[in-house]
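Input: a single structure, listed below in C-alpha cells.
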Amino acid sequence: MKKWYAVLGDPIAQSMSPVMHDQWCHENELNATYIPIHVEPQQLEQAVQSLRTLGCSGWNVTVPHKQTIIPFLDEVDESASVMNAVNTVYRDPNGKLIGANTDGAGFVKSLQEFTGDSHTNRKVLIVGAGGAARGIAFALQSAGYGPIYFTNRTTSKAAELASQIQNAHVITVEEAEERLDEFGLVVQTTSVGMNFAQAGMPLNPKNVTSGSIVADIIYNPLETEFLRAAKQAGALTMNGVGMFVHQGALAFEKWTGVYPDTKKMIETITMKVGG
Ligand code: ATR
C-alpha cells in the first residue's frame, strides 16, 4: 500500500519540504508521497489524532507547533526532550508515535559535508540563545566540537543556556566582536537577516580569521548581510540550506531507513530559493 508522509504548520504553503521529500521518494523508488497540511493551533490535537487513525507513516512539524505537539504524542526521544521541541514524528514498531528533533544533528551533518571532514577541534561561537541555538549547541557538543561560547543580544539568556551545557561560556556581543579571531567556527542562529523585515547583523564579523567557518542557519535569503560581511573578511561561509536539507534527510531516514542524496538536493533548494 502506498505510504504517506506530511508536514504540519501554520502557514504551510511556503514549505519546501514536500518538494524535497517527494523527490527523495521518487529517487529511491518508494511508493510514497508527502503532503503539506495547514493546521491552525486549535486544530492540532485533532489533526494528530486523525493522522494516527488514518495511518500516516510519519510527519514533520513546523512553526508554530514544534512544542505544543508534545502532549499529543506517545513519547519523545532524547533529541526532542533536550530541545523541548519536535520537528519529526515517526512510528516505532508497535505503532507508537515518537517525537524527535533532527535540527541540531542536521546542522552538524551539513557542517561535516561542507568541510569534508569531521574535524571537531574548533572553538565555537554560537550567536543567539533561542531554540535553534540550543539544539545546535547540544548536537555540536555531542559530536565532540568545542569549547562552546554563546553570545546574545540579551546576555542573561545566553548565560542561562550556557549553564545547562557542560564547559560552555558566555561573552557579550562587544567582547565577541573583539575576540572573533579566536573562533574556528561561528554559527549565527538568530532571525536577524531573514527576509527584509529583519535587516542588519546581530554581530559585526570583521575580525574573523581568514579560513574560519562562519555559518548562518538562515537560507532565505541565501546570503544574509552577516554572511556577506564574513565572506569579505575572508571566512568560509555556509548558509542554512544544508541544515534544512539534512534535517529533512534525517527525518526521511527515520521513516524509510534510507539516507537520501543531500548534495543534489542542496543544489535544487538553492536554485529554488535563488529564484
Ligand atoms: P528560535 O527558536 O528560532 O531560535 P527564539 O527562541 O525566538 O527563536 O530565539 C530568537 C533568538 O534571536 C534570540 O537569541 C534573540 O535574542 P534575544 O534573546 O535578545 O531576544 C535573537 N534575536 C531576535 N531578534 C534579534 C535582533 N533584532 N537582534 C539581535 N538578536 C535578535
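The values are calculated or read from the model by the stated rules, or taken from the named source; none is laboratory data. Here the structure is a predicted model, which means the values were calculated and not measured. So basically every Cβ, Gly included, is an ideal-geometry build from the backbone, and we count neighbours across all protein chains shown.
Quick rundown of the values:
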| quantity | calculated |
| --- | --- |
| Any hit, segment 174-190, residues being within 15 Å of the ligand (Cβ to nearest atom) and assigned to a loop (DSSP other than H, G, I, E, B) | yes |
| Yes/no for Thr268 being among the hydroxyl-bearing types (Ser, Thr, Tyr) and more than 14 Å from the ligand (Cβ to nearest atom) | yes |
| Of all residues making up segment 150-172, the number that are away from the ligand (no atom under 14 Å from the Cβ), more than 26 Å from Val63 (Cα to Cα) and either within 19 Å of the chain's Cα centre (by Cα) or polar (S, T, N, Q) (or both) | 3 |
| Candidates Ser57, Ser110, Ser17 - the one that is surrounded by fewer than 20 Cβ atoms within 10 Å (Cβ to Cβ) and at pLDDT 95 or above | Ser57 |
| Test result for Leu203, surrounded by fewer than 17 Cβ atoms within 10 Å (Cβ to Cβ) and at pLDDT 95 or above | no |
| Total residues in segment 106-145, condition within 19 Å of Gly248 (Cβ to Cβ) and within 16 Å of the ligand (Cβ to nearest atom) | 7 |
| Close pairs from segment 197-225: first in the same structural domain as Leu180 (by TED's automatic domain parsing) and farther than 17 Å from Ile126 by Cα, partner away from the ligand (no atom under 16 Å from the Cβ) and among the small types (Gly, Ala, Ser), Cβ under 6 Å, at least 6 apart | Ser210/Gly234; Leu222/Gly274 |
